[in-house]
Amino acid sequence: MNETYELEVNGVRYPINAAMDRNLLSVLRTEIGLTGTKEGCDDCECGACMVLIDGQPVNSCSYLAAQAQGREVTTVEGILDGDNLHPLQRNLLEEGGVQCGFCTPGMIMSAQALLTRNPSPTEEEIRIGLSGNLCRCTGYQRILAAVERTAAES
Amino acid sequence: MSLTIANSLDEILTSLAAGARPIAGGTDLVVGARQGKAPLPDSLVAIDRVTALSKIETVNGQVRIGAGVTHSRLMNDPMIVERYPGLADAAALIGSPSTRNVGTIGGNVMNGSPAMDTGAPLVTLGAVVELHSVGSTRQVALSDLWTGPGRTSANPDELCVYIIIPHPPARSGSAYVRLEYRRAMEIAVVGAGASVVLAEDGSIVSGRVAMTSVAPTIVELANASDAMVGLSPVEAATVIGAMASDQAVPISDLRGSDRYRRHTIGVMAARALDAAARRAGGEPIGVPVNRSLGIGAAR
Ligand SMILES: Cc1cc2nc3c(=O)[nH]c(=O)nc-3n(C[C@H](O)[C@H](O)[C@H](O)COP(=O)(O)OP(=O)(O)OC[C@H]3O[C@@H](n4cnc5c(N)ncnc54)[C@H](O)[C@@H]3O)c2cc1C
Ligand code: FES
Ligand code: FES
């Protein structure tokens, strides 16, 4: 049975009409239409679905959408600066940290949370910060380089 | 399915009395349901907004950790890291940053997995849980709480509100280590927690050891304190390692054979004891010990 509630995503309040057992990932993608957040494993393993809830990274495939009521959800669409790429996005492109791009939105959310908490992380801290995000393509080094460069620039 | 977001302890307890199940971070409950382990309960009450559950307080010579405290907070709380580093070691090993941000100590303990990481250090630190239901409160020792894999002696209407740990004595230390095949998103192949109190000459006055993933529940090593008393930490590590392998009753599964687990629990117990004793002697070993001492996967 569907119920009606509200979710705040990227600063916008959306009315939701959905069953209470729906996960946040599916509500973001199919009810709200924000498809930047990806579904990889749908099993809390890969991190493709990472979003921020009150600034902290959360695997949205394994989080009940209704439990995010009253909290601030941020997706990759929410970190754009107008029409400009976010520095993490730009540096991932420039350092070659994007190949197929499927892991990228999740990587960005984890990296963004890390840099907010810790603006100049060591390489080890970046590895830990991204340890819930798998990348099939890049071998990770270029992703690390992009995060290091973003930290150095700010 | 229904989900109530509770704003007070009373509201949670009333919901539980009416048949709801608590959900904290959902990292066991929701993930388990998605994997088909058990369907989501018909009625859930979200307990993550209730501030009474998210405090870490010192009360009457004890530390009271709210069941809703997340692993991220535990591993970063200066008082926990200083007094109960074994618990911080365990919290820092759980899942990934996102798992630690939403996963709670109460969910870990009440989920009752024999592979839970906070269980062994809590046992060695002498923790008890405080369970509340409408009109009743009781404290239960961890050894009486876990009754089998995924099972506890708590009634369905009981909420774990606090995990209570006595202050550690002077010259004591604790540590938790686990055997892991990779540095994140891992489940303990085996794990061991230890706490020790040292005499001024550095010999052991008393100690406790508990083991992860070698029995149907987290288990305490029997007779550990008697076996260690008067020994140096180096001598004690050998004795404790042999006892751990001897007392373990592991199963074989995808993650390791029973023989492999029986051997490696001895290694882990000895390393936990070594790290706990070094901390008791004042050596600052960072949290988690696995990373600081290079135990388990290389990276
Ligand atoms: C990717 C991933 C990696 C993980 N890695 C680890 C790991 O390395 N080590 C480890 O130990 N665990 C690990 N876990 C398991 C899980 O994250 C932890 O057990 C976590 O602490 C559970 O807390 P929670 O708040 O999410 O529990 P929930 O899923 O909300 O609840 C778990 C169970 O406890 C009950 N419950 C919750 N709170 C209470 C309470 N206060 N009183 C009574 N009952 C309660 C619930 O009803 C449910 O049955 C992992 C999980 C995932 C998804
Ligand atoms: S889709 Fe959520 S972790 Fe893989
Ligand atoms: S770029 Fe393809 S998964 Fe990371």
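The values are calculated or read from the model by the stated rules, or taken from the named source; none is laboratory data. Bear in mind the structure is a predicted one, so any value in this text is a computation, not a measurement. Neighbour counts are summed over all protein chains in view; Cβ atoms, including those assigned to glycine, are modelled from backbone coordinates with ideal geometry. Please note that ligands, DNA and RNA were not included when accessible areas were found on the heavy atoms of the full protein model with its side chains. Shrake-Rupley method; radii C 1.70, N 1.55, O 1.52, S 1.80 Å.
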For the range B:176-190, list whatever residues lose no less than 40 Å² of accessible surface once every protein chain is in place, relative to that chain by itself, with the probe at 1.4 Å. B:Met185
Those residues of the range B:13-54 for which accessible area with every protein chain present is at least 30 Å² below the isolated value (1.4 Å probe): B:Val30, B:Val31, B:Arg34, B:Gln35, B:Asp48, B:Arg49
Taking only Cα atoms of chain A, radius of gyration then Dmax in Å: 15.3, 50
Per residue accessible area in Å² of the range B:103-163, where ligands, DNA and RNA are left out and the probe is 1.4 Å: 33
For the range B:172-284, the per residue accessible area (1.4 Å probe, Å²) is 41
Around B:Ile165: net Lys/Arg minus Asp/Glu count, Cβ-Cβ under 11 Å: +2
With +1 on the Cβ of every Lys and Arg and -1 on the Cβ of every Asp and Glu, the dipole magnitude of the range B:172-284 about its Cα centre, in debye rounded to the nearest 20, is 460
Rank-order B:253-261, A:107-115 by packing density, defined as the average count of other C-beta atoms within 10 Å over each peptide's residues, highest first. A:107-115, B:253-261
Averaged across the residues of A:124-137, what count of C-beta atoms belonging to other chains lies within 10 Å of each residue's C-beta? 3
Highest-MSF residue in chain B out of B:Met75, B:Met268, B:Met185 [GNM, Cα springs under 10 Å]: B:Met185
In the range B:58-103, what residues drop by 30 Å² or more of accessible area when the other protein chains are put back, versus the chain on its own? Use 1.4 Å, and skip ligands and nucleic acids. B:Pro97, B:Ser98, B:Asn101, B:Val102
With r defined as the distance between the Cβ atoms of A:Glu94 and A:Thr35 and R0 fixed at 30 Å, what FRET efficiency is calculated, to the nearest 0.05? 0.75
What is the mean number of Cβ atoms from other protein chains located within 10 Å of the Cβ atom of each residue in peptide A:19-29, rounded to a whole number? 2
Accessible area lost on pairing B with A, both sides, 1.4 Å probe, Å² to nearest 100? 2400
Using only alpha carbons, build the gyration tensor for the protein assembly as shown and give me the equivalent ellipsoid semi-axes, biggest first, whole Å. 37, 27, 19
Counting only protein heavy atoms and using a 1.4 Å probe, what share of the accessible area of the protein assembly as shown belongs to carbon plus sulfur, as a whole percent? 50
Suppose every Lys and Arg Cβ carries +1 and every Asp and Glu Cβ carries -1, with no other charges. What dipole size does chain B come out with about its Cα centre, to the nearest 20 debye? 740
All-pairs Cα distance distribution in the range B:47-168, expressed in whole percent, bin size 10 Å: 14, 51, 33, 3
Rounded to the nearest whole number, the Stokes-Einstein translational diffusion coefficient of the range B:172-284 at 4 °C and 1.567 mPa s (Kirkwood radius, C-alpha pairs) in µm²/s is 94
Rel. contact order, % - alpha carbon contacts under 8 angstrom, at least six apart, chain A: 23
I need the Kirkwood Rh of the range A:87-153: take the reciprocal of the average 1/r across all distinct C-alpha pairs and report it in angstrom. 11.4
Compare the Cα positions of A:Cys49, A:Gly11, A:Ala66 along the charge dipole of the range A:2-79 (+1 at Cβ of Lys, Arg; -1 at Cβ of Asp, Glu; about the Cα centre) and return the one farthest towards the positive end. A:Gly11
Which log10 I(q)/I(0) values does the range B:216-265 give at q = 0.15, 0.19, 0.20, 0.31 Å⁻¹ under the Debye formula, counting every alpha carbon as one identical point scatterer? -0.45, -0.66, -0.71, -1.17
Please give the contour-minus-distance gain from B:Lys55 to B:Val229: 0.36 nm per residue of separation, less the Cα-Cα distance, rounded to one decimal in nm. 59.1 nm
Selection from A:Asn84, B:Ala52, B:Val109, by position along the positive dipole direction of the protein assembly as shown (Cβ): B:Val109
Size-normalised alpha-carbon gyration radius of the range A:1-75, reference 2.2 N^0.38 Å: 0.97
Treating chain B as a set of equal point scatterers at the Cα positions, no solvent, please give the Debye-formula log₁₀ I(q)/I(0) at q = 0.07, 0.10, 0.11, 0.15 Å⁻¹. -0.25, -0.50, -0.61, -1.12
Residues of the range A:27-154: accessible area per residue with a 1.4 Å probe, Å²: 43
Average other protein chain Cβ within 10 Å of Cβ, residues A:48-59: 4
